[in-house]
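Input: a single structure, listed below in C-alpha cells.
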C-alpha cells in the first residue's frame with residue numbers, strides 16, 4: 001500500500017531508485033496522521049513517553065487521580081500532589097502497571113479495592129502521607145507486589161496479619177512511624193519471602209516478634225529506644241546478613257542476644273550507650289566480617305579485654321570503624337583493639353550458685369543452674385559424651401539459657417552422667433560439676449494428690465460389747481506418670497478407692513483421718529474450697545428462691561379471696577306465732593338488736609342479743625308468723 005501511494009504521487013508504478021527516494025521523503029506525511037491516531041492519549045496535566053507507557057504527573061496540583069491514563073502505562077508517578085483519597089477501582093484499567101508512586105501527597109484514606117486490576121504491580125510507594133493505619137484490605141490481589149513503602153505516616157498500630165495479603169513482598173519500609181505504639185505478635189505473619197525490613201525511627205522500646213521472617217536478610221532498627229537487647233530478640237532470623245542498630249540508646253546486651261544470627265555478615269552498634277559486652281557475645285556470629293562499635297562510652301577494663309582479642313582476629317586492618325576507650329583516664333582515646341592484658345589486673349570468675357546433683361525420672365523437665373557474679377562472663381557446659389554446649393549452641397531438647405542454666409525440656413536415660421559448668425572471662429575460667437541421674441518410670445504406679453478416709457461408727461449392742469463398723473471412703477486424683485515432686489520424694493504407690501467394712505473400737509464421734517501427705521496439695525485444696533463455696537452459694541440462692549415463691553403464692557391466694565368474696569347481704573327469716581302480743585312485738589323491736597322468741601313466750605322473756613347489727617324488717621300483720629331479718633356480713 002505504501003508503494004502504491006508513492007507511485008500514485010509520482011505518476012508511475014515501476015520500481016526505480018527515484019520511487020524509493022520519493023517514498024522516504026513522503027513517509028512522515030503519509031503515515032503521520034495514522035500514527036497519531038494509534039498512539040494513546042496522555043492526561044492533560046501530565047507528561048508521557050514511550051507511547052504513554054511512562055506517565056509523570058509530579059507537582060501538578062492534582063486533587064485526585066486523572067481518569068484518562070492509558071491502559072498501556074507501566075510507570076505512573078503521582079508524587080507531590082494534593083490527593084487525599086484513593087477510591088475503589090481507581091486503577092482497574094491499568095493491567096500493565098508495574099510501578100505506582102503516590103508518595104508525598106495528603107492521602108488519609110485508601111478504600112477497599114483501590115488497587116483492583118493491578119495484577120502486575122511490583123512497587124507501591126505510599127510514604128510521606130497521612131495514613132492513620134495500614135490499608136491491609138486494599139492490598140488484595142496484588143499477587144506480584146515486591147516493594148511496599150509506608151514510611152513517615154501517622155500509623156499508630158500494626159495489627160495481626162497486617163501484610164498477609166501480600167506474601168510476595170521482598171522489601172517493606174515502615175521507617176519513621178513516629179506515632180507507632182503497638183506491634184502485634186503476629187503483625188508479620190505470612191511474609192515468608194521478605195528480604196528487607198525497615199523499622200528505624202519508630203520509637204520502639206523492644207524488638208518486635210520477627211520470628212516469621214525466616215528469609216529476612218537486612219534489618220534496620222536504628223533510631224529507636226531499645227535500651228536493653230534481651231535473649232531471643234532475633235530468634236528465627238537464620239538468614240539475616242545485615243543488622244543496623246545505630247542511635248538506638250542501647251546500654252546492655254544480655255547473653256544469647258545474637259544466638260540465631262549464624263549468617264550475620266555486618267553488625268552496626270555505633271552511637272549507642274555501651275560500656276561493655278558479655279564475654280564471647282559474638283561467638284555464634286561465625287560469618288561476621290564487619291562490625292561498627294564506634295561512638296560508645298566504652299569502659300576499658302577486664303570485661304572488654306576479650307573484645308580486644310576478638311577485634312584483632314576478626315578485623316585486624318580496620319581500626320577506623322571500631323571502638324575507642326572512654327574510661328578510665330589512663331586508657332581514654334585508645335583503640336580497644338590495641339589493649340593488652342598487661343594493662344589490667346584481672347581475676348577469674350566466681351560461680352555464685354553452682355549446680356547440684358539431680359535425680360529425675362525419664363520424660364521430666366530438668367535444670368542445672370550455674371549462676372555467676374557478673375553478666376559479662378560466658379557460661380559453657382561439658383556434657384557426659386564430651387559435647388561442649390555454649391550459650392550460642394543448642395540442641396532439640398537441651399539449651400543454655402541467658403543466665404547460664406542448662407535446660408532440659410525432657411530428659412532421657414542417655415542424659416545420665418556428670419555435667420561440668422565452665423565460667424570464663426579474660427582472666428581464666430572456673431568449673432563446677434553435678435551429676436544428673438535419670439531413672440525409668442514405673443508404669444504400674446500412679447501418684448495421688450489428694451486422699452482422705454472418712455470413718456463412720458455404728459453402735460452394735462447384740463453381744464453387750466462396744467463395737468463399731470468402719471467404712472473407709474478414699475477419694476483421690478490419680479496421675480498415670482511421675483512428677484518432679486514425686487520423683488524426688490520417691491514413689492508412693494497406687495491407692496485404689498474402696499468402700500469396705502472394718503471392725504474397730506467404737507470411737508466417741510465420727511472423725512476424718514488423713515492417709516497420705518503428698519506435696520503440692522495447695523492447688524487442689526484451693527480448687528475444692530472454691531467448689532464448696534460455689535455449691536454453698538447455689539444452695540442458699542435456691543432456698544431463698546423457694547421461700548420467696550411460697551410467700552408470693554400465699555399473697556396471691558389472699559388477694560384472690562378479697563377479690564371474689566367481697567361484702568354480701570344475708571336474709572334471715574324467723575317464724576313466730578300468729579298470736580303474739582303487741583307488747584311482745586314491741587319488745588322484739590329494740591334498739592337495732594334481734595330477739596328470738598320461742599312458742600308461747602310472753603313479753604321480754606327468752607331474749608338473746610346477737611353480736612352483729614342486723615337490719616330488721618317487720619312484715620304487715622296479715623303475713624302470719626314471718627319476720628324478715630336482713631344483715632350485712634363482711
Determine which member of the set 304, 315 is surrounded by fewer than 22 Cβ atoms within 10 Å (Cβ to Cβ), in contact with a strand residue (DSSP E or B) (Cβ under 9 Å, 6 or more places away or on another chain) and without any contact (Cβ under 8 Å) to a residue 60 or more places away in the chain.
315
What is the one condition in (1) in contact with a helix residue (DSSP H, G or I) (Cβ under 8 Å, 6 or more places away or on another chain); (2) assigned to a helix (DSSP H, G or I) that residue 414 does not satisfy?
(1)
Cβ pairs under 6 Å, 6+ apart or interchain, first in region 228-245 and in the same structural domain as residue 401 (by TED's automatic domain parsing) and within 17 Å of residue 185 (Cβ to Cβ), second at pLDDT 95 or above and assigned to a loop (DSSP other than H, G, I, E, B), ordered by first then second residue, are none
Only one of 126, 216, 192, 133 is buried (at least 22 other Cβ atoms within 10 Å of the Cβ), within 26 Å of the chain's Cα centre (by Cα) and on the phi < 0 side of the Ramachandran plot, namely 216
Any chance you could count how many residues in region 66-115 are assigned to a strand (DSSP E or B) and touching a helix residue (DSSP H, G or I) at 6+ places or on another chain (Cβ under 7 Å)?
1
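The values are calculated or read from the model by the stated rules, or taken from the named source; none is laboratory data. These numbers were taken from a predicted model, which means no experiment stands behind them. Using ideal geometry, Cβ is built from the backbone for each residue, glycine included, and neighbour counts are taken over all protein chains shown.
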